[in-house]
1. What are the pairs, 6+ residues apart or on separate chains, where a residue within segment 260-279 that is hydroxyl-bearing (Ser, Thr, Tyr) has its Cβ under 6 Å from a residue that is in a helix (DSSP H, G or I)?
2. Got at least one residue in segment 48-69 being free of Cβ contacts under 8 Å to residues at least 24 places away in the same chain and either among the aromatic types (Phe, Trp, Tyr) or assigned to a strand (DSSP E or B) (or both)?
3. Here are the criteria: (1) open to solvent by 60 Å² or more (accessible area, probe 1.4 Å); (2) closer than 20 Å to PRO326 by Cα. Tell me which single one VAL218 does not satisfy.
4. Which of the following residues is out of contact with any Lys or Arg (no Cβ under 8 Å at 6 or more places or on another chain) and either among the aromatic types (Phe, Trp, Tyr) or touching a residue at least 40 places away in the same chain (Cβ under 8 Å) (or both): TRP292, TRP296?
5. Would segment 288-304 turn up any residue that is touching a helix residue (DSSP H, G or I) at 6+ places or on another chain (Cβ under 7 Å), farther than 13 Å from MET156 by Cβ and of a type in the set (Val, Ile, Thr)?
6. What number of residues within segment 185-214 satisfy the criterion of being at negative phi and open to solvent by 10 Å² or more (accessible area, probe 1.4 Å)?
7. Among the listed residues VAL169, VAL148, VAL141, which satisfies the condition of being farther than 21 Å from ALA215 by Cα, touching a residue at least 60 places away in the same chain (Cβ under 8 Å) and touching a Phe, Trp or Tyr at 6+ places or on another chain (Cβ under 8 Å)?
Amino acid sequence: MSASKLLTESTAKLFVFRNMSVVSSKILLYKEYGEPFNVLECQTDEINKPGINQVRVKWLLSPVNPADINTIQGKYPSKPTLPAVPGNEGVGEIIDLGLNVENLKIGDRVVPNASNIGTWRTEGIYKSDDLMKIPKDIGTVEASMLNVNPCTAYRMLKDFVQLNSGDTVIQNGGNSAVGQLVTQLCKIWNYKNVSVVRDRSDISDLKSQLKEMGASEVLTESELRKTDLFKSKKLSQPKLALNCIGGQNATDVLRHLCHGGVMVTYGGMSREPVTIPTSALIFKDVTVKGFWMTAWNKQNLNSNERIKMYEELAKYFKDKKLIAPPYKIIPFSNYKEAIENALKLDGKQGLKYILDLEKN
């Protein structure tokens, strides 16, 4: 066989090998911070086989959250290196392994175990430590949102006040994803739950929906200002208040705390500051704190408490004691619809949009 023929065959084999090791992935990418519709680009990315301590993930579903939008805008404290793929939540499947990967195997279901790993893509290569294996018997939708909203609700109910059976928790944003999960966890743990929501035309339907989830009472903002729910002793004064709105709404919620109560702020949908009455600090000895799930994860990355939390939440979802907040699954190609929904600030939509990364 001639040298030229050998060279041609070798080149052909090398071409086939390279083609087998390169995979195309559809991604959303932004190269600068700004409004999502202006800076996001839909592209095709070529990814090679995973290297040492790496895995290849096929993403199945990825929710779209206000925090994702804030990250793209450059307004969120946690900023990825640009260019970046958005997405902090999602559920995927391991489809290839690099060398030295011991904690995962092909076919495992995984969720992000680190911030800003980028889940708005069909496939990607990741460090194995940046992913967490989860049970396969959790519903795909529930799994896709496991590591942010349920964990936020869980930690705020566990970490700030020693709550006992029958104690009261009050929250605004009661129809938000976190709010609905707080309500359900309160029911599981036998806490009374008062959820405050913004008034709307279908308020009766919303109140019924939240009470069915486990809310003891559902009040509109105007009803909250004149309620005698606690003065009448129908419910004990709340020990814990959870705030994701800010502004006057947060102040009205705080006024109902018992002596020594705690208000935890984890969001600011109104974009207005939280104002604390001087009398609440002096005469009621209230405490005001903040919570950020990203910071908690960094401090507790490999802790037994974090493992216990995931196991407990996974079991609640498996046993249907926890159900996912209302959602809409849309094809990846319709991502603009999900972003438009996440940009709404009226706090009334109560619908979580999830990207179906297998439909692109």
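The values are calculated or read from the model by the stated rules, or taken from the named source; none is laboratory data. Remember, it's a predicted structure, so these values are computed and weren't measured experimentally. Ideal geometry is used to build each Cβ from the backbone, glycine not excepted, and the neighbour counts take in all protein chains shown. Ligands, DNA and RNA are excluded from the accessible area calculation, which covers all protein heavy atoms including side chains. Shrake-Rupley method; radii C 1.70, N 1.55, O 1.52, S 1.80 Å.
1. SER270/GLY247; THR275/THR251
2. no
3. (1)
4. That would be TRP292, the only listed residue that is out of contact with any Lys or Arg (no Cβ under 8 Å at 6 or more places or on another chain) and either among the aromatic types (Phe, Trp, Tyr) or touching a residue at least 40 places away in the same chain (Cβ under 8 Å) (or both).
5. No: segment 288-304 contains no residue that is touching a helix residue (DSSP H, G or I) at 6+ places or on another chain (Cβ under 7 Å), farther than 13 Å from MET156 by Cβ and of a type in the set (Val, Ile, Thr).
6. 20
7. VAL141
Condition check ((1) in a loop (DSSP other than H, G, I, E, B); (2) more than 21 Å from VAL148 (Cα to Cα); (3) open to solvent by less than 30 Å² (accessible area, probe 1.4 Å)) across all residues:
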position	(1), (2), (3)
SER236	yes, yes, no
THR251	no, yes, yes
ASN302	yes, no, no
GLU305	no, no, no
MET309	no, no, yes
